[in-house]
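Worksheet: the structure to be examined is printed underneath.
What follows is calculated from the coordinates using simple rules that are stated; it is not laboratory data. Everything numeric in this text was worked out from a predicted model, so none of it was measured. Virtual Cβ from ideal backbone geometry, glycine too; neighbours counted across all protein chains shown.
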Amino acid sequence: MLPSSPRLRRILTAYTANQLGTWFGTVALSVAVYDHTHSAIAVTALFVARFLPALAVPALVARVEASPRRGRLSAIYAIEAASAAALAGLVWRFWLPAILALVALDGAGSLTASSLLRAEAARADPEPARADPEPAAPSAHGANAALNLALSVSVVVGPLLAASAVEAFGAPIAMLIDAASFLICGALLIDLHPYIEERIGTSVGARLRAAWEYLRETPSLRALLLTEAAALVFFETGAPAEVLYAKATLHAGDLGYGKLLSAWGVGMVLGSLLFARGGKRSLGAMLTGGTFAVGVAYVGFAAAPSLELAALAALVGGVGNGVQWASLIGTVQRLTPRRLHGRLMGTVESIGALCPLIGLPLSGLVLTLSSPRIAFLIFGLAAAAATVGFLRLWLGWRAASADAASAAPLASLEHPGTSDSGL
C-alpha cells in the first residue's frame, strides 16, 4: 500500500498529517465557539468561513505553480501553522470575528496544499491525458489509493483523537497540536517544487484561462464535475439528518448516533482498501458503483426498523463513499494533462468544499417539512439520479476505449513501422 518512491512516501505522510491536524483544529474551534457563544449560528458561521475561500483555491494553486522559487508549498504550511497558533490565542482570549477571519485563511491554505499534493502524487503517471479514463494507470492509481486510505483513516480516528485532546488539555493546546502538524508538513515538503512551466507565461489569469479553456473543450470532464457537484450536494444533506434519525426516529440516543458514524467511517476504510485493490478495474464502474452505494445507504436508513440494520446501511454507504471520491480524483487526473493537474485538483477541492453550503441548508429545509425517514428517502433517490449521470459517462468512455482499441490494429497496418510501445 505504501508508495515505493521516497518522494511519494513524504507526500503521503504530509497529507496524513494535514488531514489529522485539520481535525484537531475543527473539533477544538467548534467546541470553543459553542462554549463561548452557546449559539448554533456561530458554529455554522465557523464552517461557512472555512468553506467560502474554496472559490479562490484554483487561483492560489495557479499562483504557486507560476512561481519558479522553491519552498512555496512549505510557505503555505508555515502560514497555516502561524494561523493555528494565533487561533490558539484567540480561543483563550475569545474574539469571534478574528477567529472567523483566520479560519478562512487557514481553510484556503489547507485546500490549496491538498490540491498541490494530489497533483504532485499523480505526476508519477507517465501517460498523457486521454479522452477516456479506461483503464486506470497503475502508478497514479497506487498513489491515489494511498492518499484515499489516509483520508479515510483520518476521518475515523481524527475526531476521536481531537476530542480526546480537547477534553484532556483544552482547545488552545489542541490548536497548537494543529499548528505543529503543519510545521511537520512544511519540513517534509521543503524541496517539493510544484512549478509548472507554461508557454502562455506566468500570469495567474492566463493559467486559469488555460484550465477553463480545457474544461470548455472537454465535455466529458465538464459533465463529470457537474455530476459530481450534484451528487455531493445530496451526499451532504445526510449529515444533519443523521442526528435526528438516530435520536428521534430510532430512539438510539447519543450512543446510537456514534455507532452510525463509526459504521460509516469503517465502511470508508473498507472502500479505500477496495479501491486500492482495484487497479485493473474500470474507474467509471467504481465511480458509478460508489455513488449508487451511498444512495442505497440513504434509502436503507429510510427503511431500517432498527439501529443494527441502519448501521449495516451506514457501512454500505461508507464503502461507497471511500470508493467514489478516489475514483473521481483518478478520473479527473486521467482526463487532464499533467500540466493542469494542480488547477483541476483545486477545482475538485473547491467543489467538495462548496457543495455543503448548498446541501446543509437543503437538508434543514427538507427536515423541517418532513420526517428523517422521508428526508433520507428523498436524498437517496436524488443520489440514485446522480448515479444515472455517472453511468452514462462510463458507458461513453467504454465506447471510446473500444473504438480506440479497434482503430489501433488498422493504424498498425497503415503505418507498419510504428508500434503501440512507441510514442
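Points to keep in mind about this one:
- Relative contact order (%) - region 241-366, alpha-carbon pairs under 8 angstrom, separation at least six: 30
- Here r is the Cβ-Cβ distance between residue 161 and residue 358 and R0 is 41 Å; the resulting FRET efficiency, rounded to 0.05, is 0.85.
- Treating r as the C-beta distance of residue 13 and residue 59 and R0 as 35 Å, the FRET efficiency rounds to 0.80.
- Range in the chain, longest, excluding exposed chymotrypsin sites (Phe, Trp or Tyr not before Pro) [loop by DSSP; at most 15 other beta-carbon atoms within 10 Å]: 196-423
- Order of 118, 373 - criterion: other Cβ atoms within 10 Å of each residue's Cβ, fewest first: 373, 118
- Computed over the chain, relative contact order equals 25 percent, with contacts defined as Cα pairs under 8 Å that lie 6+ residues apart.
- Whether region 1-107 is rounded, prolate or oblate, judged on the alpha carbon gyration tensor where a/c under 1.5 counts as rounded: prolate
- Pairs of Cα atoms nearer than 8 Å and 6+ residues apart set the relative contact order; for region 29-109 it is 47 percent.
- Residue-span extension gain [residue 206 to residue 223] - 0.36 nm each, minus C-alpha spacing: 3.8 nm
- Neighbour counting of Cβ atoms within 10 Å sorts the residues 381, 46, 208, fewest neighbours leading, into 381, 208, 46.
- Fluctuation leader among 109, 170, 289 - the chain, Gaussian network, Cα springs under 10 angstrom: 170
- For the chain, the spread of Cα positions along the three principal axes, ordered from largest to smallest, is 74, 53, 36 Å.
- Of 193, 141, the sequence from fewest to most neighbouring Cβ atoms within 10 angstrom is 193, 141.
- Under a model in which nothing but the beta-carbon of Lys, Arg (+1) and Asp, Glu (-1) is charged, the chain shows a dipole of about 440 debye around its Cα centre.
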